[in-house]
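The values are calculated or read from the model by the stated rules, or taken from the named source; none is laboratory data. Because the structure is a prediction, the values reported are computed rather than measured. Using ideal geometry, Cβ is built from the backbone for each residue, glycine included, and neighbour counts are taken over all protein chains shown. Accessible surface is based on the protein model in full, side chains and every heavy atom, while ligands, DNA and RNA are left aside. Shrake-Rupley method; radii C 1.70, N 1.55, O 1.52, S 1.80 Å.
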Amino acid sequence: QSGAIKAYVGGINFEHFKYDHVSVSKRQVGSAFKPIVYATALEYGIDPCAYYPVKEITYTNQKNWTPTNGGKQETDRHLNYSLEKALSESVNTIAVKVLEDVGIDAVISQARKMGITSVLPEVPSLALGTAEMSMLELIGAYTSFANEGHVSKPFYITKIEDKFGTIIYEPATTETLPEAFSKETRQLMVEMMKSNMK
């Protein structure tokens with residue numbers, strides 16, 4: 001709830017690889033971005049039991065881009081999935097359809113409310129996690145799901161003392177950002193994300 005970090009492993013061996021993959025490295029986050037898309041949908045009143053077709057479509061306004069699914073989802077292309085099922089199966093085609101329904105600007109706005117500051121591309125593939133951000137930034141956004149809708153800013157130093165016990169540094173307060181979404185959205189998202197833990 002506070003954002004305090006219990007464990008922090010930035011690399012495999014600092015002696016040989018002096019690079020922090022937690023806060024410095026930025027990579028495409030992939031499907032880890034999808035909960036932000038679905039949280040936006042819930043905030044915009046789309047029911048978690050709303051059904052979307054799995055079948056891929058071609059976006060002519062995006063240079064005939066056709067997002068597809070991997071694995072067994074290809075055989076299920078004529079089915080309709082609820083938002084919960086689509087999230088639990090990480091269905092690419094539905095994630096893009098949901099983003100299109102609520103709008104890219106709305107998804108970006110929701111991401112900002114969740115504490116994400118990195119550049120977010122204003123393209124439909126954003127739903128598939130084409131944005132690059134650090135692990136620490138994404139983890140900060142995810143705290144809203146476990147913290148009653150509030151985003152906690154991650155931190156790992158509570159205080160620094162010298163050898164005499166004199167406090168050299170101590171943050172004034174832990175920073176908690178405003179609510180990122182409603183408590184109803186938070187509760188629904190937690191339940192939807194639980195369905196992915198099989």
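Which value in nm describes the separation of the simple spin-label points at Asp101 and Lys18, placed 7 Å from the Cα toward the beta carbon?
Calculated label separation equals 5.1 nm.
Helix 104-113 against the longest principal axis of the chain: what's the angle in degrees, Cα atoms only, rounded to the nearest 10?
20
Let me spell out the model: positive unit charges on the Cβ of Lys and Arg, negative unit charges on the Cβ of Asp and Glu, origin at the Cα centre of the chain. What dipole size does that give, in debye rounded to 20?
On the way: 20 positive and 23 negative charges, 74 e Å.
Around 360 debye, computed over the chain.
Take every Cα pair under 8 Å in region 17-109 that's 6+ residues apart, average their separations, divide by the length, and report that relative contact order as a whole percent. Write out the running numbers ahead of the final one.
Numbers: 91 pairs, mean separation 32.1, N = 93.
Relative contact order of region 17-109: 35 percent.
Just in region 93-191: which chymotrypsin sites (Phe, Trp or Tyr not before Pro) are loop by DSSP and have at most 12 other Cβ atoms within 10 Å?
Working: sites: Tyr142, Phe145, Phe155, Tyr156, Phe164, Tyr169, Phe181; in loops: Tyr156, Phe164, Phe181.
The qualifying sites are Phe164.
Positive end of the charge dipole of region 98-137 (Lys, Arg +1 and Asp, Glu -1 on Cβ, about the Cα centre): tell me which of Met114, Gly129, Ile104 has its Cα farthest that way.
Farthest towards the positive end: Met114.
Scan region 1-108 for GluC sites (Glu not before Pro) in coil per DSSP, keeping those whose Cβ has at most 12 other Cβ atoms within 10 Å, and list them by number.
Numbers: sites: Glu15, Glu43, Glu56, Glu74, Glu84, Glu89, Glu100; in loops: Glu15, Glu56, Glu89.
Here the sparse-neighbourhood loop sites are Glu15.
Any chance you could run the full-extension gain for Glu132 through Arg27? It's 0.36 nm times the residue separation minus the Cα-Cα distance, nm to one decimal.
Details: separation 105, 0.36 × 105 = 37.80 nm, distance 0.46 nm.
Length gained, Glu132 through Arg27: 37.3 nm.
Would you please name the trypsin sites (Lys or Arg not before Pro) within region 25-102 that are DSSP coil residues with at most 14 other C-beta atoms within 10 Å of their C-beta?
Numbers: sites: Lys26, Arg27, Lys55, Lys63, Lys72, Arg77, Lys85, Lys97; in loops: Lys26, Lys55, Lys63, Arg77.
Passing both the DSSP loop test and the Cβ count: Lys55, Lys63, Arg77.
Obtain the nm distance between the two label points defined at Glu122 and Ala7 by a simple spin-label model: each point lies 7 Å from its Cα along the Cα-to-C-beta direction.
4.1
Accessible area per residue, 1.4 Å probe, Å², for the chain: what's the number?
Details: 11470 Å² over 198 residues.
I get 58 Å² per residue for this part.
I want to verify the translational diffusion coefficient of region 1-103 in µm²/s; compute it with Stokes-Einstein, Rh as the Kirkwood radius over Cα pairs, at 4 °C and 1.567 mPa s. Don't skip to the end; give the middle numbers.
Details: Rh = 16.2 Å.
Rounded, D is 80 µm²/s.
At 1.4 Å probe size, with the rest of the protein present, what percent of the exposed accessible area of region 7-52 is carbon and sulfur atoms? Could the numbers behind the result be given before it?
Values: 1610 of 2830 Å².
About 57 percent, which is the carbon plus sulfur part of the accessible surface.
Ratio of alpha-carbon Rg to the 2.2 N^0.38 Å globular estimate for region 133-198, to two decimals, please. Before the final figure, lay out the partial values.
Details: Rg = 16.4 Å, N = 66, 2.2 N^0.38 = 10.8 Å.
Cα Rg divided by the expected 2.2 N^0.38 Å: 1.52.
Please determine, in degrees from 0 to 90 and to the nearest 10, the orientation of helix 135-146 with respect to the longest principal axis defined by the Cα atoms of the chain, where the helix direction is its Cα long axis.
For helix 135-146, the angle is close to 80 degrees.
Return the calculated 222 nm mean residue ellipticity for the chain, to the nearest 500 deg cm²/dmol, obtained by summing -39500 (n - 2.57) across DSSP H runs with n ≥ 4 and dividing by the residue count. Numbers along the way, then the final one.
On the way: 6 runs with 61 residues, N = 198.
-9000 deg cm²/dmol, from helical runs alone.
What angle do you read, to the nearest 10 degrees and between 0 and 90, between the alpha-carbon axis of helix 183-194 and the longest principal axis of the chain?
The angle comes out near 80 degrees.
Work out, step by step, the length gained on full extension between Glu170 and Ile157: first 0.36 nm times the residue separation, then minus their alpha carbon distance; give nm to one decimal.
Numbers: separation 13, 0.36 × 13 = 4.68 nm, distance 0.80 nm.
Difference between extended and current length: 3.9 nm.
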